[in-house]
Each structure stands twice: as C-alpha cells, then as structure tokens.
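To keep things clear, I will list the structure first and then write my remarks on it.
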Amino acid sequence: MLLLLSLLLAQPVAAQSFVIGEGGWHLERLADDFVLLRTDVQQFEASSRLSRQGLLMLTCERQARRIRFQIGSSPRLPNTQFSELGRARVRGERAGASLMLKAVHPQVRFFQDGSFEFLEAIGFSDAVMREFLRLLQQLPAQLEIVLFKGPETRAFLRGTALRFHLVRLNESLGNVYGFEGLCFRAPK
C-alpha cells in the first residue's frame, strides 16, 4: 500500500515531450546473433516545433537485450559507459486507456549525456524487452516514462517524466513483429 501511495505521489508536474517514429521504424539484422529495431526521436521545444534529434534503438545480442533512448546532448556521439542506475515506470496510452507493462519498474542505466537504457541480461533480469514489444504491439499513441535515479530510487519520491508521442507505428508493425521473431528465436 505504501508503494502504491508513493507511486501516486511521484507524479511530476510537467513532462518533456518527444516524437518517435517520424522517419519510420527500421529492422536490421546485422549478424546471426545481433538484430536492431531503430527509429528517430525528436524533442519538442517550447515553441511547439521539433528540435534536437536522437534515436530509439532496441537491440538483441547473444547475452543481452537493450532498449536505448539516445536523447542526450550529443545523439550522434553516444556515451557507452553508464553513470548511474535507477528504475522506471513505463505506461502506454491509446484512446484514453492506460496500457501498462507487467515489468512495471524495469532497471535503468543512465548516461552522462542524458540518454538512458533498459538492459535485460538474458536469464538474469526482468524480461523487459518482451513486455516493451507487447506494449508497442498494442499501438499506443504515446508512452510515458518516469525515471527514478539515485538514492530515492527505492522510495520513488520524485522522478523525471518523459512523454513520447508514437507515429507511423501501425504501418511499421510488421518490423516490430519481425524484430520480436528474430530476437526470441531459439538459439542454434
């Protein structure tokens, strides 16, 4: 009950807004054991126009699956070493209905440039990738991600809210399913 109350109190006042998918969702198989689903991310400025660009990358490798929001200060030169750990709350929304992940609080790795990723060490952590893909397959109009880092992670006292408006997801749904099939296929 206390955790639920703290989650309700953790609602931030305003969220940064981004648009995901304007350039489409692209599936790439780079090796037998490495597959990538990527799309662009653009941030809204206060003047309601799109500005800084970044990437959303879902990757499946032999030992790990990653969902990386490369939205930091230098999206073309990403940081590779994380600086902090935390948790997140991920929720989708479609036609006013809330779509929640089963893994409600995935572990997050934060990078110095402002980017973050959900990392799933295969066999050793929550199955975040499968849940995230199922959320995308429900065709949400937007994602809301609240990030919690530092000492307050356990109490969820305050977080940073990010709102991602999803576009062109319906027409790229085949790539999402294709990525899922390649990502979760049986090893050879």
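I'd like to check something: does region 163-183 contain any residue that is modelled with pLDDT of 85 or more, β-branched (Val, Ile, Thr) and either loosely packed, with under 14 Cβ neighbours inside 10 Å or not in a strand (DSSP E or B) (or both)? Among the residues of region 163-183, at least one is modelled with pLDDT of 85 or more, β-branched (Val, Ile, Thr) and either loosely packed, with under 14 Cβ neighbours inside 10 Å or not in a strand (DSSP E or B) (or both), which makes the answer yes. Scanning region 97-141 for residues that are in a strand (DSSP E or B), open to solvent by 30 Å² or more (accessible area, probe 1.4 Å) and within 22 Å of Thr160 (Cβ to Cβ) yields Ser98, Met100, Gln107, Arg109, Leu119.
Could you tell me whether region 154-162 includes any residue that is of a type in the set (Lys, Arg), at pLDDT 90 or above and open to solvent by 20 Å² or more (accessible area, probe 1.4 Å)? For region 154-162, residues of a type in the set (Lys, Arg), at pLDDT 90 or above and open to solvent by 20 Å² or more (accessible area, probe 1.4 Å): absent. The residue that is modelled with the highest pLDDT, among those in region 47-88 that are assigned to a loop (DSSP other than H, G, I, E, B) and among the small types (Gly, Ala, Ser), is Gly72.
The values are calculated or read from the model by the stated rules, or taken from the named source; none is laboratory data. None of the values given here were measured: they were computed from a predicted structure. As a convention, Cβ positions derive from the backbone with ideal geometry for all residues, glycine included, and neighbour counts pool all protein chains shown. Accessible surface areas use protein heavy atoms only, side chains included; no ligands, DNA or RNA. Shrake-Rupley method; radii C 1.70, N 1.55, O 1.52, S 1.80 Å.
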